[in-house]
Amino acid sequence: MSYLNKVLSKDCVDFIDDNHIENIIKNTKEDPAKVRKIIAKSMRKEPLEVEETAVLLAAESPELVEEIFEAARKLKRDVYGNRIVLFAPLYIGNFCVNDCKYCAFRRSMRSTVRKTLNKSETVEQVEALEDKGHKRLILVFGEHPDYSADFIAETTKLVYSVKSGNGEIRRVNINAAPLDAEGFKKVKEAGIGTYQIFQETYHHETYAKMHPKNTHKSDYLWRLDGLSRAFEAGCDDMGIGALFGLYDWRFEVLSLVTHSRHLQNKYGVGPHTISFPRIRPAHGMEINEDYLVNDDQFKRLVAILRLSVPYAGLILTARETPEIRREVLEFGVSQIDAGTRIELAGYKKGEEEQKQELKKEQFQLGDLRSLDDVMYELMENDYIPSFCTSCYRLGRTGEHFMEYAIPGFIERFCTPNALMTLAEYLEDYSSDKTKKAGQELIKRELDKIKDDEKRKKLEERLDLIYHGKRDLYY
Ligand code: SAM
Ligand code: SF4
């Protein structure tokens, strides 16, 4: 049987019941009293049922929507803290056997410029990223026999081996096609962090329309089951996501919550992260406008995911504009990419082009600012930019660690680690303006630590960093 027409999914479980989800949406009406009760449950950081999430989605009146926004902001402020983890995507190869209607890498797009980075190009890209201050990458691949589990594992190891100056990549996450159990074992052994697989749309009929029959990706269940296989093969760090704009956004939100509950119930570990990319213009793509998600709906969906799935990290990417990123950040986003380039071999040492060439890229970005500019803005808005990778490296993963941990944990580990990685960045990479903003922020954060002993210990460690020591963490 060829690579393309194997039926792989016969043992996979379909936990998405379209009719059930559609009925919940149809039968749930706006109900302020229920919304408030459910918000109170979220504030206790209890996961919401799908039906409860639907109540939040049914809230349309501006006052009620504002109550949901305010609850998400409060949850972020009071419970999750003000750290934002920074990463960058690194596209390794854009050959693809699939034909996803929304993507410029689809095989029928003959005019897309194709490329797979060779080893020295990969090294060069990683050096360029390290020289800007990045410590966390997500490697992105099309789906192609060349991008086997062995290739992904080898590339991961290569990325970890690159050291430029004080730079190093301390966490490599992966966004690639779902693997089989053996493949997941291989990439786990190579030391990957999160394995991300977006279902794109959870709606079966739309999924079939977007992913033509004679393609590998047309196998809905193989993809849906991907992260379950990953878990069973030993990867306990899973990223789920939906591509918003293919079908009703409320359906996708309820499906993400269903997926999250499925993983939690079956394995005792929910998704480490949830992604909610909105579809962007892409080379050769005709956008079907029926399900495009507008900014107001986008804000609602992020706030509602925050309230529904406690502990999962929320990832907001540079597909969005700086303005939207700024607004949505306060609803409980935990990770963003910055200084992002998605053209193959697009990272350059020194100044970067602020333009995209869509023939060479998967889609159009909304935010092309440099890492340093994003860092500066975050700190001006009182967020702590963090490159922390401590939990992953100390084996605190899976059920022992979720992106958003309990408050005591944040105080003891996350905030000090964030400040130490920020201090490294300020010493090694930042502009003068960002350095000044960073030093002021570190001072403000130190002043907040009431326990003298703890503050002193952290000051000592920061001092070591100022004297050249690197990679300290709790
Ligand atoms: N080829 C792998 C796969 O399909 O799983 C890796 C995925 S792709 C390189 C990363 C993600 O980008 C996709 O899962 C999809 O959600 C998203 N994407 C594709 N086309 C897009 C577009 N036009 N706008 C925004 N996001 C898009
Ligand atoms: Fe290929 Fe992934 Fe693009 Fe689909 S989304 S065409 S699988 S790169």
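The values are calculated or read from the model by the stated rules, or taken from the named source; none is laboratory data. These numbers were taken from a predicted model, which means no experiment stands behind them. Cβ placement follows ideal geometry from the backbone for every residue including glycine, while neighbour counts extend to all protein chains displayed. Calculation scope for accessible area: heavy atoms of the full protein, side chains included, ligands and nucleic acids excluded. Shrake-Rupley method; radii C 1.70, N 1.55, O 1.52, S 1.80 Å.
Can you find a residue in segment 368-379 that is β-branched (Val, Ile, Thr), farther than 17 Å from LEU419 by Cβ and at pLDDT 95 or above?
Yes, the conditions are met somewhere in segment 368-379.
So which of PRO281, PRO310, PRO277 is open to solvent by less than 20 Å² (accessible area, probe 1.4 Å) and within 16 Å of ligand 2 (Cβ to nearest atom)?
So the residue among PRO281, PRO310, PRO277 that is open to solvent by less than 20 Å² (accessible area, probe 1.4 Å) and within 16 Å of ligand 2 (Cβ to nearest atom) is PRO277.
Does CYS100 satisfy the condition of being open to solvent by 20 Å² or more (accessible area, probe 1.4 Å) and within 13 Å of ligand 1 (Cβ to nearest atom)?
no
Could you list all residues from segment 349-389 that are open to solvent by 30 Å² or more (accessible area, probe 1.4 Å), in contact (Cβ under 8 Å) with a residue 24 or more places away in the chain and among the polar types (S, T, N, Q)?
GLN362, GLN364, SER370, ASN381, listed by residue number.
GLY366 is checked against (1) among the small types (Gly, Ala, Ser); (2) more than 18 Å from the chain's Cα centre (by Cα); (3) assigned by TED's automatic domain parsing to the domain that holds CYS96 and fails just one. What number does that condition carry?
(2)
Report yes if some residue within segment 318-337 is touching a residue at least 24 places away in the same chain (Cβ under 8 Å), touching a Lys or Arg at 6+ places or on another chain (Cβ under 7 Å), open to solvent by 10 Å² or more (accessible area, probe 1.4 Å) and under 28 Å from ALA423 (Cβ atoms); otherwise report no.
Within segment 318-337 (the criterion being touching a residue at least 24 places away in the same chain (Cβ under 8 Å), touching a Lys or Arg at 6+ places or on another chain (Cβ under 7 Å), open to solvent by 10 Å² or more (accessible area, probe 1.4 Å) and under 28 Å from ALA423 (Cβ atoms)), the answer is yes, since at least one residue qualifies.
Filter segment 40-59 down to residues that are of a type in the set (D, E, K, R), touching a Lys or Arg at 6+ places or on another chain (Cβ under 9 Å) and open to solvent by 60 Å² or more (accessible area, probe 1.4 Å), then give me how many there are.
Residues flagged as of a type in the set (D, E, K, R), touching a Lys or Arg at 6+ places or on another chain (Cβ under 9 Å) and open to solvent by 60 Å² or more (accessible area, probe 1.4 Å) within segment 40-59 amount to 1.
What about VAL85, is it out of contact with any helix residue (DSSP H, G or I) (no Cβ under 7 Å at 6 or more places or on another chain) and within 10 Å of ligand 2 (Cβ to nearest atom)?
Against the criterion (out of contact with any helix residue (DSSP H, G or I) (no Cβ under 7 Å at 6 or more places or on another chain) and within 10 Å of ligand 2 (Cβ to nearest atom)), VAL85 does not qualify.
Let me spell it out: the conditions are (1) within 14 Å of ligand 2 (Cβ to nearest atom); (2) open to solvent by 10 Å² or more (accessible area, probe 1.4 Å); (3) of a type outside the set (S, T, N, Q); (4) in contact with an Asp or Glu (Cβ under 8 Å, 6 or more places away or on another chain), and TYR207 meets all of them except one. Which number is the exception?
(2)
Of the residues that sit in segment 219-238 and are over 13 Å from TYR202 (Cα atoms) and in a helix (DSSP H, G or I), which one is nearest to ligand 1 (Cβ to nearest atom)?
Step by step, filter segment 219-238, then rank; the result is GLY226.
Does GLN264 satisfy the criteria of being among the polar types (S, T, N, Q) and within 30 Å of LEU117 (Cα to Cα)?
For GLN264, the condition - among the polar types (S, T, N, Q) and within 30 Å of LEU117 (Cα to Cα) - is not met.
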